[in-house]
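Input: a single structure, listed below in structure tokens.
Just so it is clear, none of the values below were taken in a lab; they were calculated from the coordinates. Quick caveat: nothing in here was measured; it's all calculated off a predicted structure. Note that we place each Cβ from the backbone using ideal geometry, even for glycine, and neighbour counts take in every protein chain shown.
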Amino acid sequence: MAKKIFQRPKYLKKAVFHYCPGCGHSILHRLVAEVLEELDIGERTIGIPPAGCAVLAYNYFDVDMGEAPHGRGAAVATGVKRTLPDRIVFSYQGDGDIAAIGTAETIHAANRGENITVIFVNNGCYGMTGGQMAPTTLIGQNSTTTPGGRDVKRDAAPIDLSEMLAIARGSVYIERTAISSPKNIRRTKRALTKAFKTQMAGLGFSLIEVLSPCPVNWKMSPVDAAKWIDDTMTQTFPLKVIKDEVGKLD
Amino acid sequence: MSKKVLMRGSQAIGEAAVRAGCRFYAGYPITPQNELTEYMAEAMDGLNDGTFIQAESELAAINMVIGASMAGARAMTSSSSPGISLKQEGISFLAAQELPAVIVNTMRGGPGLGNIAPSQSDYFQATRGGGHGDYRTIVLAPASGQELADLTRTAFEYADKYRSPVLILGDGMMGQMMEPIVFPEPIDVRTFSPKSWILDGAKGRPSRIILSLLLNPPEQEDLNWRLARKYEIITREIPMSESYMTSDANMIVIAYGTAARIAKGAVKRVRELGLKVGLLRPITLWPFPNRPLKELSRHVREFLVFEMNMGQMIDDVKLALEGRGNVHFYGRPGGIISTPDEIAKTINSIYHRQHLEED
Amino acid sequence: MKKTVFAGFGGQGVLMMGYTLALAAMDDGKEITYLPAYGAEMRGGTANCTVAISDEEIFSPVASSPDYAVIMNNPSLIKYESMVRSGGTIFTNSSLVTKTIGRDDISVIRIPASDIAKKLKEERITNMIMLGAFVAQTQLTSLDSIMNALSEIAKGKKSGLMKLNRKGLDTGAEYVLKGAQV
């Protein structure tokens, strides 16, 4: 009998992703679903999708999903987790959502050490609204609201949210990864696994920042977008474990 | 039955909330309602299944309540006028996502930062939605310590029954004043049948979604129709008011909350002078108690609306009267509490100007 | 219905006097309201509260013309002297309230409560001396009801303080009932 070596993960619905060609969300959704399945926590997981491209994540994840207002993912997740402490709660947020309009909620959830997992998708732009400058847009990077490229004097420098969150006393595990190559995708999955395990062990706030391609708004081919992450984006946002007070987890 | 206790209004709401099974509270300090936040901190600390969070902002507080409500808890937040403005985003989401929650507004003078004195400046905001979108919020307006306790229980019941945010609209005086209160017996919500829509993990059932984004216009229209039908049912089922000396009255004063207490004192005073004046006190501000007003308008021509603002509820009174009768207004904004004497003089002046018959 | 304003500096036990009176009257079976001044007003260092006691429903808890005022310092006298209704009574802690009262349509009862307390070497009970005098004069409640209210507030703790409170109440009551011999 033939052995099935690739199939739809248990916690992804039978649905076709609406995401643009080459977008990182589809890959990241799959990775999260795989991790939930491998850790066998899908039936006790509640996901909090953001406002932004991933707002429709509830059409894909086959777990309980409760939509948060723009930027408030960490606060909504806090409410769910405190009410049901034995459930697994993750928020899935874009860079505008988490690092601009939701900065306060995120920093304070981290500082309180809320036992939740935050998935922070950094694609350097507001995707859903058409490619405006995000807090994470690189210096010189074009966007519809930074004519001629982001200018530090005019538009400020990109914000290092993950590094800021690492300072917060309640955060225990923060890593920045990318989905730009098979190797980075595997690394992302390892990070996600560790983040969820951190929550399962009740250790506190975990966050994985994922550099993710947005070829349409970057006006690049998917291949060039992946390469741009590795060559350019990682110069500003280096891939690394930013904080690890967790150590090795079984 | 519980013993009669003397308690501050804000704390009475807290105690009544705990007895109504509230197990989640998130709030942010703002005067004049800090006693409620402090009470909940202490009360939740004493429960093994209670959560209190002092949030980093009003926005965070209401969003934590959204999360707790999604997870099935009876959840509450509270604030005062400027803080309630900040919470409006979340209240709109609660309405759209059909999530139960209780929100307490201890009103103070406004607009802007205003002051911390008792006021009724937020009637429009409370009854017209406040946040964006096509929705309604149930609004309860207690006028005594006992009613604060009773209506807090009612608020949680309505929130669950109609899956809707419910606003308790008080003011600085209601919050600070102490009155004797007999609390309803505590209930254990764990004995209730579990809510069929909450997010607690899709174990042995299909996964659930609680959302408010409906990109497809027909789907959004469906939600709006569903909400409208729900609001129709609420409008039919819950309007509440108190009538005081209205049966033979030829002039009616309409006031709610603190203003209604003052007005009641004034009505009693002018009755002693032989003026046939009654009081209608709306207890639900939305839905507004249209029916008793409509019925009164069959034999009463003069109506005086008294509010601690420059005229907000008067719009609802006029809508309820559908053009019948003369609607007068007396208002004291800015956190001034009128005296019954002041209202009595106003009643007297209108009464005699309109040549109304005395006893 | 009788309305009483208690006013003085923060720390003089002004709110405690009002609260105790309200609780005692409630336990007597009366309708009551207790309204403390709050917020920024409180932070100014002055404290005041209004207690309404009635056999019937109380409408406004605010006293625009109180029947009684218990005044613990000069600023409070300035604030409330003109408000007390004609025929009403002002009780002053005359050890501290030195300003003269100009009205002749009200009664004034002067209790040197701070001096009495000093003599008893218990300055903590100044407010109890005032309250005892007030209750003995107005009969709005009884000293026993006040004692019950106090032990309810203390929840059975601090029995030493209870004895002291009783002493303060009795001394104040005696002062007004027997005339100024203490």
For peptide A:108-114, the mean count of other chain Cβ atoms within 10 Å per residue Cβ is 2
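Counting only other chains, and only Cβ atoms inside 10 Å, what mean value do you get across the residues of B:258-269? Don't skip to the end; give the middle numbers.
Working: counts 3, 0, 1, 7, 4, 2, 4, 5, 2, 1, 3, 1.
The per-residue average across the peptide is 3.
Which order, highest average first, do A:3-12, C:6-15 follow once you tally other Cβ atoms within 10 Å for each residue and take the mean per peptide? Working shown, then result.
Numbers: A:3-12: 11.4, C:6-15: 21.2.
The densest-packed peptide leads the list: C:6-15, A:3-12.
Place a +1 charge on the Cβ of each Lys and Arg in segment A:38-173 and a -1 charge on the Cβ of each Asp and Glu, then give the dipole magnitude about the Cα centre in debye, rounded to the nearest 20. Before the final figure, lay out the partial values.
Details: 10 positive and 15 negative charges, 93 e Å.
Approximately 440 debye in magnitude.
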Over the alpha-carbon set of chain B, divide Rg by the Kirkwood Rh and report the Rg/Rh ratio to two decimals.
0.99
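Tell me, what is the FRET efficiency for residue B:318 and residue C:65 to the nearest 0.05, using R0 = 41 angstrom and their Cβ-Cβ distance as r? Walk me through the numbers on the way to the answer.
On the way: r = 35 Å, r/R0 = 0.85.
For residue B:318 and residue C:65, the calculated efficiency is 0.75.
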Exposure-ranked with fewest Cβ neighbours within 10 Å first, B:44, C:162, B:107, B:178 stand as C:162, B:44, B:178, B:107
Note down the Stokes-Einstein diffusion coefficient of segment A:25-244 in µm²/s, whole number, using a Kirkwood radius over alpha carbon pairs, 10 °C, and 1.306 mPa s.
93
Can you list, bin by bin at 5 Å, the percent of alpha carbon pairs in segment A:101-168, starting at 0?
4, 16, 25, 19, 16, 12, 7, 2, 0
Taking the alpha-carbon centroid of each part, what is the distance from segment B:43-119 to segment A:139-176 in angstrom?
31
In nm², what is the average projected area of the convex hull enclosing the Cα atoms of segment C:2-178?
9.9
Could you quote the convex hull projected area for the protein assembly as shown, Cα atoms only and averaged over all directions, in nm²?
41.7
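Can you give the mean number of other chain Cβ atoms that lie within 10 Å of the Cβ atoms in peptide A:59-66?
6
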Return the distance in nm (one decimal) between the two label points of a simple spin-label model at residue A:200 and residue B:42, each offset 7 Å from Cα along Cα→Cβ.
4.3
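Sort C:62, C:70, A:121, A:16 so that the residue with the fewest other Cβ atoms within 10 Å of its own Cβ comes first and the one with the most comes last. Numbers along the way, then the final one.
Values: C:62 22, C:70 33, A:121 26, A:16 8.
Ranked by crowding around the Cβ, least crowded first: A:16, C:62, A:121, C:70.
Only loop residues by DSSP count here, and only those with at most 16 other Cβ atoms within 10 Å; note down the GluC sites (Glu not before Pro) in segment C:52-113 that meet that.
C:56, C:57
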Nearest 10 degrees, 0 to 90: helix B:9-19 Cα axis against chain B principal axis
40
Long-range amide H contacts for residue B:139: which residues qualify at under 5 Å (H placed 1.01 Å from N, peptide plane, sequence gap of 5 or more or a different chain)?
B:167, B:285, B:286
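Which is the longest part of chain B that has none of the chymotrypsin sites (Phe, Trp or Tyr not before Pro) sitting in a DSSP loop with at most 16 other Cβ atoms within 10 Å?
Working: sites that count: B:192, B:197.
Longest site-free region, per DSSP loop and neighbour criteria: B:1-191.
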Any residue on another chain or 5+ positions along whose placed amide H is under 5 Å from the amide H of residue C:47 is listed here as C:8, C:9, C:10
Amide H contacts under 5 Å for residue B:208, placed H, 5+ residues apart
A:64, A:65
Chain B: relative contact order in percent, alpha carbon pairs under 8 Å with at least 6 residues between
18
Say R0 is 25 Å: what FRET efficiency, to the nearest 0.05, do residue B:203 and residue B:233 get from their beta-carbon distance?
0.15
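Full extension from residue B:132 to residue B:3: what is 0.36 nm times the residue separation minus their Cα-Cα distance, to one decimal in nm?
Working: separation 129, 0.36 × 129 = 46.44 nm, distance 4.33 nm.
42.1 nm is the gain from fully extending residue B:132 to residue B:3.
Which of A:125, C:49, A:20 has the fewest other C-beta atoms within 10 Å, and how do the rest follow up to the most?
Details: A:125 28, C:49 25, A:20 17.
Listing A:125, C:49, A:20 from fewest to most nearby Cβ atoms yields A:20, C:49, A:125.
Show that you can apply the helix-only estimate: for the protein assembly as shown, add -39,500 (n - 2.57) for every DSSP H stretch of four or more residues, divide by all residues, and state [θ] at 222 nm to the nearest 500. Before the final figure, lay out each step's value.
Details: 27 runs with 300 residues, N = 791.
That comes out to -11500 deg cm²/dmol.
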Contact order normalised by residue count of segment A:143-250, Cα under 8 Å, 6+ apart, percent
33
Connecting C-alpha atoms closer than 10 Å in a GNM of chain A, tell me which of A:54, A:15, A:166 has the biggest fluctuation.
A:15
Using a Förster radius of 45 Å, what is the FRET efficiency between residue B:216 and residue A:4 based on their Cβ-Cβ separation? Nearest 0.05, please.
0.80
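Just need the relative contact order of segment C:44-182 here, percent rounded to a whole number, with Cα pairs under 8 Å and 6+ apart. Provide the component values of the computation, followed by the final result.
On the way: 181 pairs, mean separation 24.8, N = 139.
With pairs under 8 Å counted, the relative contact order is 18 percent.
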Between the residues B:101, C:50, B:123, the Cα farthest towards the positive end of the dipole of the protein assembly as shown, that dipole coming from +1 and -1 charges on the beta-carbon of Lys, Arg, Asp and Glu, is from B:101
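Could you work out the local net charge near residue C:13, counting Lys and Arg as +1, Asp and Glu as -1, over the other residues with Cβ closer than 14 Å to its Cβ?
Working: positive: C:124; negative: C:122, C:123.
So the environment of residue C:13 carries a net charge of -1.
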